[in-house]
């Protein structure tokens, strides 16, 4: 079968790029090959099924949320920003709501509404989707691409790769795109889980799973050197640590790194002075009842005392100097050693992918292979939680689709 454009992957990047490519080319043959039996499986589970489409605020504030590769996205995000993305769907009947922190969701809380808009646009533009058609091999023959599935061989002038990364493989994201890109000459930055919770070595807080810590100072250490520090919320889980303060920074984390959490907003010296004054005033209280006056969950304080082997039932006035300093050390810098990051089954996105130096950021065309394009998570781009990843997906798809519209 011959087509003008073949797109591998019917996720948000593939669908949206197809819509853009077909905008002024209603008589051109655009074909989407999808390995699953339906489109947009990962989109449907995004935001716990509610689809956190993008983030509010000015687009200039987005770039701090893409790690070290934000420069690549600047042109795409300024060209197709969050307001334009929302406008596209609003023009097609979708209303949005903004929740705490700036996350943007459809008012219906249904990711399926976003997918249905895309599928309707695909149908209106006479774009064909062939399901259960996993792309097995792609070769460039002279000016054409030969695209092979298990059942068919297709010929196309242009080829767009939008099959995603490796996160949530049950949705079809199994790293196929990396193999295809490599076969066409591209370097692949090693894929690894991102937006992932961490598993902690010798974890002592399993029974405290579900306790959240709001706006804590967190630091990441490797070989006794500070790599990065930040403030954010985090969550104790049955295996380790999660929450935005962990998953948004998991791109920087490795096995063996140390995470230190400052539980209270005091320096060590300030905390010691504060604790001494509390003991002077209320030393007749038992130690636990005195410590729970600090803004921490009682169960967490009990566990810290247990780890330090300090009797919380003793009168606070009887606390020895070395015990006081042990409490101060743990409150000021609670340490966790990373055993591993959660695997791709629990990571929201993939860090790594097609080397961005080999992609033109203005068009998403390969610098290695003419007429080959890529968009979405198959690229070495990963953003924070809060709608940043879908915004990048739609923006890169817009750039690819717009350029293909000119070429077709």
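No lab work stands behind these numbers, since they all come straight from the coordinates. In this text the structure is predicted, and so the values were computed from the model without any measurement. Ideal geometry is used to build each Cβ from the backbone, glycine not excepted, and the neighbour counts take in all protein chains shown.
With the cut-off at under 17 Å, measuring from each backbone N in region 380-405 to a point 7 Å along the Cα-to-Cβ line of residue 370 picks out 404.
Hey, for a label at residue 48 modelled as a point 7 Å past Cα toward Cβ, could you say which residues of region 223-242 have their backbone N under 19 Å away? So the set is 233-242.
For the pair residue 98 and residue 183, label points projected 7 Å from Cα toward Cβ lie 4.5 nm apart.
Restricting the calculation to Cα atoms, the chain yields a radius of gyration followed by a Dmax of 25.4, 87 Å.
Over every Cα atom in region 265-336, the radius of gyration and the widest Cα-Cα span, Dmax, amount to 11.0, 33 Å. Relative to the current alpha-carbon distance between residue 335 and residue 211, full extension at 0.36 nm per residue lengthens the span by 43.0 nm. Extension gain, residue 120-residue 276: 0.36 nm per intervening residue step, less the Cα-Cα distance, totals 49.4 nm. Ordered by the number of other Cβ atoms lying within 10 Å of each residue's own Cβ, fewest first, 154, 70 fall into the sequence 70, 154. A Förster radius of 22 Å combined with the Cβ-Cβ distance from residue 284 to residue 311 puts the calculated FRET efficiency at roughly 0.90. Taking a ≥ b ≥ c as the square roots of the eigenvalues of the Cα gyration tensor, region 1-81 is oblate, since a/c reaches 1.5 or more and a/b is not larger than b/c. Radius of gyration (Cα atoms) of region 127-199, expressed as a multiple of 2.2 N^0.38 Å: 1.27. If R0 is 41 Å, the Cβ-Cβ spacing of residue 130 and residue 83 corresponds to a FRET efficiency of close to 0.75. Using the Cα coordinates of region 197-342, the gyration tensor eigenvalues translate into equivalent-ellipsoid semi-axes of 28, 15, 13 Å, sorted from longest to shortest. Using alpha carbon centroids, what distance separates region 48-70 and region 250-320, in Å? Answer, in whole Å: 36.
Among 324, 222, 251, the ranking by other beta carbons within 10 Å of each residue's beta carbon, starting with the fewest, stands as 222, 324, 251. The residues 88, 373, 96, when put in order of fewest to most other Cβ atoms within 10 Å, stand as 96, 88, 373.
The simple Förster model, with R0 at 35 Å and r as the Cβ-Cβ distance, assigns residue 360 and residue 170 a FRET efficiency of 0.60. Of all DSSP-defined beta bridges confined to the chain, some 75% are antiparallel rather than parallel. In this label model, residue 321 and residue 265 are separated by 3.2 nm, measuring between points 7 Å along each Cα→Cβ vector. Taking 0.36 nm per residue of separation and subtracting the Cα-Cα distance, full extension of the segment from residue 238 to residue 148 would add 27.9 nm. In region 312-339, whose amide N lies under 16 Å from the spot 7 Å out along Cα-to-Cβ of residue 292? List them in ranges. The answer is 312-316, whose backbone nitrogens lie closer than 16 Å to the label point.
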